[in-house]
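Each value in this text was obtained by applying a stated rule to the coordinates, not by laboratory testing. Predicted, not measured: the structure shown is a model, and the values here were computed from it. Counting neighbours? That spans all protein chains shown, and the Cβs are built from the backbone with ideal geometry, glycine included.
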Amino acid sequence: MDSPTTPLISRRDALIAGAATAAAVSSSSSAPAAAAPAAPAAAAVPRVKLSLNVNGQVRSLELDTRTTLLDALREHLNLTGTKKGCDHGQCGACTVILDGRRINSCLTLAVMHEGAQVTTIEGLGTPQNMHALQAAFVKHDGYQCGYCTPGQICSAVAVIDEVKRGVPSHVSADLMARPILSAEELRERMSGNICRCGAYSNIVDAITEVAGSST
């Protein structure tokens, strides 16, 4: 019987050769990454200066051009009474009065309103000197959690003004006649302001009292 053939390479030499091969492959694969040029620096975010008349006071700002009016009020002017709800213009929590008209402040950019007159809930009244609608909301319990209340009140102020100016709504029977602030009219005009607590009937009572109309 023939004796086994003597191996041409020892186990030790095989392990050393394998380790050297792995190191060479790793080094060659990482080389292109090391040689790749550095990514270019991010472009500077465009910013613009603007002035807003907020609650009767001129406020100067320098903002990223993508900043919404809502974020300008909350994050830059610290007027946190205006709430961020859905951030899609569907709940009305961010309603403010812009140049006499109510607007969802989450849907418009601050830079679009240079020199505009903006009224937030802070500009309507204070705890010591409340606006008539603020007092009526307290009297009629027109809120529960209170999160939507600033937007509800700002919207209600604009609704009463709309009726005084004769602006019709989708439920106005005669578009040429002066609107009557009935409960149906109020519910239609306030439909963009959602109250998750369901205080709608009390909200209608509060607005009706201030408007001087009966339901």
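Give the peptides 178-191, 142-155 in descending order of average Cβ contacts within 10 Å, highest first. Mind dumping the intermediate values first?
On the way: 178-191: 17.4, 142-155: 22.0.
Ranked by mean Cβ neighbours within 10 Å, highest first: 142-155, 178-191.
Give the shape of region 47-124 as rounded, prolate or oblate, defined through the alpha-carbon gyration tensor: a ≥ b ≥ c are the square roots of its eigenvalues, a/c under 1.5 means rounded, and otherwise the shape is prolate if a/b is larger than b/c and oblate if not. Kindly include the intermediate steps, with their values, before the conclusion.
Working: a/c = 1.58, a/b = 1.19, b/c = 1.32.
It is oblate, given that a/c is not under 1.5 and a/b is not larger than b/c.
Please list the non-local residues whose amide H lies under 5 Å from the amide H of VAL54, H modeled 1.01 Å from N, same-chain partners needing a gap of 5 or more.
ARG59, VAL118
Does region 98-215 come out rounded, prolate or oblate, given a ≥ b ≥ c as the square roots of the eigenvalues of its C-alpha gyration tensor, rounded meaning a/c under 1.5 and, failing that, prolate meaning a/b above b/c? It would help to have the intermediate numbers written out before the result.
Numbers: a/c = 1.59, a/b = 1.09, b/c = 1.47.
Since a/c reaches 1.5 but b/c is at least a/b, the shape of region 98-215 is classed as oblate.
Quote to one decimal, in nm, the extra length available between VAL138 and ASP174 on full extension: 0.36 nm per residue of separation minus the C-alpha distance between them.
So the extension gain works out to 9.6 nm.
What are the ³J(HN,Hα) couplings of region 178-186, residue after residue, when phi is run through the Karplus curve with 6.51, -1.76, 1.60 and θ = phi - 60°? Round to Hz, x for glycine and proline.
Coupling constants for region 178-186: 5, x, 9, 7, 7, 4, 5, 4, 4 Hz.
What is the distance in Å between the Cα centroid of region 87-165 and that of region 51-76?
So the two Cα centres are separated by 16 Å.
If I model a spin label at ARG59 and VAL167 as a point 7 Å from the Cα along the Cα→Cβ vector, what separation in nanometres do I get?
2.3 nm
Rank by packing, highest mean first: peptides 117-124, 82-89, with packing defined as the count of other Cβ atoms within 10 Å averaged across residues. The partial results should precede the final answer.
Numbers: 117-124: 20.2, 82-89: 17.0.
With the highest mean Cβ count within 10 Å placed first, the list reads 117-124, 82-89.
So what J values fall out for region 130-143 if you push phi through Karplus, 6.51 cos²θ - 1.76 cosθ + 1.60 with θ = phi - 60°, rounded to Hz, Gly and Pro as x?
Each residue's phi maps through the Karplus curve to give 6, 5, 4, 6, 4, 5, 5, 4, 5, 4, 9, 6, x, 7 Hz.
Are there trypsin sites (Lys or Arg not before Pro) in region 123-166 that DSSP puts in a loop and that have at most 11 other Cβ atoms within 10 Å, and which ones? Don't skip to the answer; put the middle values down first.
On the way: sites: LYS139, LYS164, ARG165; in loops: ARG165.
Within region 123-166, the qualifying trypsin sites (Lys or Arg not before Pro) (loop, at most 11 other Cβ atoms within 10 Å) are ARG165.
Using r as the Cβ-Cβ distance of ARG101 and ALA43, and R0 as 41 Å, what FRET efficiency do you calculate, to the nearest 0.05? Spell out each step's value before the answer.
Values: r = 36 Å, r/R0 = 0.87.
So the FRET efficiency works out to roughly 0.70.
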